[in-house]
Structures are given as C-alpha cells and as structure tokens.
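Below: the structure, in structure tokens.
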Amino acid sequence: WLLEVLTSDIHAPSKFNSSELDLPSFGALYDYCETNHFYCDGIITQSEKKLDIITKILSICNASLIKNQEGLLEVRIDKEEQNPVALLNAENIVSFSFSKSMQRKTDGTKVTYTNRKTWTVDTFYSMLDGGSYDYANDKVESLALDYVTEYEHAYKMAQRKQRQLQLQPREIKADVGSEGDFYPLYSKILLQLPHLLQGLASS
C-alpha cells in the first residue's frame, strides 16, 4: 500500500516513479511486516493528504522514508540492530545536551482498533506489567490505531510505545562533525561520556 500511494496518479505533482524509489528497501519492509504479522487494512472515504496516509502506514510498521545518497526514496526500519556503527565520546562529540521529563509515566495504554474478524471497533488495555487494568491506581493513555486490524499487531504497537517510554528516562542530544552524515537512520550508536552518572558511565 505504501508503494500504491506513492506512485498513485490521483495527485500527479506528488507522484513518484519506480525509478525514484529504492525498491529493495520496500521489499525489505514487506518481509519485515510478514515476519511480524503487521498488516494494513482500511478504507479511505474522504479527502485526505497523501502525506498523512503515508505517515499512518509507516507508523504501524516502525519505518520512515528518507532520501538516500543516490537521491532515491528509501525505507528505513526501526528494528533491533546487532552491530553499532559508531562510538561517541568526548573526543568526537562537538556538543551535547540532556533533558528529562518529570511527568509520571503511564502504567498502560487503552488501545482502540478495528477488528478484522468482525469489522467493529474494539478496545482493550495493554498494561506495562502484563496484568489487568486497575481503575483506581493505574494511569493509562489512549492510543487509536488506523489501519491496524489484528489484536496481536495492536498489542505490539502499544507495548512498543510503552517500552520506549520506560527505557528513555532521559534524552541526550549529541552533535557530531560531518561523519554523522554516514550514520544511517536508526543505527545503533554507543555513547560514552563521564556525564552519564549511571553504571559505568556508558549506555
């Protein structure tokens, strides 16, 4: 569907030809979605910007679109990476900054999606601890998923978002030199700074 929308004639000025796309990266996304049972189902009943549709599709399969070094539109997937591409430390970081949110983290998510078995809107609670929702004590946020029609897919999306919040108590922004242009999006980067006061001053 991502290819269908990008190459559609409906809005000619925004149409991409296949020669402008890195097709192997789209194939890699297809395989990734098949492996994880990520499916995209929906009906567009009113006028909507192509960019908004593309953004929704990308959001449910952990992916982004970039222009690569060859000038082609390429898909990058935010998935587990085994090998780091760089080590950032005091010698190669130009500047860095820290930020931390003090707001209370949520205990779970109230998820709304369309169930393809009945084509009705279903709601369930996805709790971080894997338990049930405690109305009196648990704090939850709402998550409405477009084009997601499988419970397992919706559950994975909710858990992913919750784990990201849990594992990112702080945000560190590091500015590097021109070599940063060679770090692909979603690369695994090791960071080693004396300012990180946890553990062995590395993360």
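The values are calculated or read from the model by the stated rules, or taken from the named source; none is laboratory data. Note that this is a predicted model, so its numbers are computed, not measured. Note that each Cβ is placed from the backbone with ideal geometry, even for glycine, and that neighbours are counted across all protein chains shown. Protein only, heavy atoms only, side chains kept; ligands, DNA and RNA dropped before computing areas. Shrake-Rupley method; radii C 1.70, N 1.55, O 1.52, S 1.80 Å.
For residue 1 and residue 70, what is the calculated FRET efficiency with R₀ set at 22 Å and r taken between the beta-carbons, to the nearest 0.05? Provide the component values of the computation, followed by the final result.
Details: r = 24 Å, r/R0 = 1.10.
Taking R0 as 22 Å, the efficiency between residue 1 and residue 70 is 0.35.
Residue 94: accessible area at probe 1.4 Å, nearest 10 Å²?
Estimated to the nearest 10 Å², residue 94 gives 110 Å².
Over all directions, the average projected area of the alpha-carbon convex hull for the range 41-82 comes to how many nm²? If you can, show how the numbers build up before the last one.
Working: hull surface 16.9 nm².
Averaged projected area of the range 41-82's Cα convex hull equals 4.2 nm².
Per 0.36 nm of contour for each residue apart, how much would the distance between residue 19 and residue 174 grow if the chain were fully extended, relative to their Cα-Cα spacing?
Working: separation 155, 0.36 × 155 = 55.80 nm, distance 3.52 nm.
Result: 52.3 nm gained on full extension.
Measuring with a 1.4 Å probe in the full set of protein chains, what accessible area per residue, in whole Å², belongs to the chain? Working shown, then result.
On the way: 13650 Å² over 203 residues.
In whole numbers, the chain has 67 Å² accessible per residue.
If you plug each phi of the range 39-49 into the Karplus form 6.51 cos²θ - 1.76 cosθ + 1.60 with θ = phi - 60°, what whole-Hz ³J(HN,Hα) values come out, in order, with x for Gly and Pro?
10, 10, 10, x, 10, 9, 9, 9, 4, 8, 5
Given the convex hull of the Cα atoms of the range 7-51, what is a quarter of its surface area in nm²?
Details: hull surface 16.7 nm².
Over every viewing direction, the Cα hull of the range 7-51 projects on average to 4.2 nm².
So if each residue of separation counts as 0.36 nm, and I subtract the Cα-Cα distance between residue 46 and residue 120, what length gain in nm does that give?
Numbers: separation 74, 0.36 × 74 = 26.64 nm, distance 1.94 nm.
Difference between extended and current length: 24.7 nm.
Go ahead and estimate [θ] at 222 nm for the chain from helices alone: -39,500 (n - 2.57) per DSSP H run with n ≥ 4, summed, over the residue count, rounded to 500.
On the way: 4 runs with 46 residues, N = 203.
Only helices count here, giving -7000 deg cm²/dmol.
Leaving ligands, DNA and RNA out of it, rank 11, 153 by accessible area with a 1.4 Å probe, largest first.
Numbers: 11 95, 153 5 Å².
So the residues, ranked largest to smallest area, are 11, 153.
Could you grab the Rg to Rh ratio for the chain? Cα atoms only, Kirkwood for Rh.
Working: Rg = 20.0 Å, Rh = 19.9 Å.
Radius of gyration relative to Kirkwood radius: 1.01.
In whole Å, what are the extents of the range 9-127 along the principal axes defined by its C-alpha atoms, from largest to smallest?
Taking the Cα atoms of the range 9-127, the three principal extents are 56, 46, 29 Å.
So who's got an amide H within less than 5 Å of the one on residue 191, skipping anything under 5 residues away but keeping other chains? H placed 1.01 Å off N, in plane.
Here the answer is 88, 203, since their amide H atoms fall under 5 Å of that of residue 191.
If each residue of separation counts as 0.36 nm, what is the full-extension length gain between residue 93 and residue 183 once their alpha-carbon separation is subtracted?
Numbers: separation 90, 0.36 × 90 = 32.40 nm, distance 1.39 nm.
Taking 0.36 nm per residue and subtracting the Cα distance, the gain is 31.0 nm.
For the chain, which whole percent of the accessible surface, found with a 1.4 angstrom probe, sits on carbon and sulfur atoms?
Working: 7120 of 13650 Å².
Roughly 52 percent of what the probe reaches on the chain is carbon or sulfur.
Quick check: with the 1.4 Å probe, what order do 119, 1 take by accessible area, largest first? Walk me through the numbers on the way to the answer.
Working: 119 155, 1 185 Å².
So, going from the largest accessible area down, we get 1, 119.
Ignoring ligands and nucleic acids, what accessible area does residue 22 show with a 1.4 Å probe (Å², nearest 10)?
Approximately 30 Å² of residue 22 is accessible to the 1.4 Å probe.
Run the quick spin-label model on residue 129 and residue 30: label points 7 Å from Cα toward the beta carbon, then report their separation in nm to one decimal.
Distance between label points: 4.5 nm.
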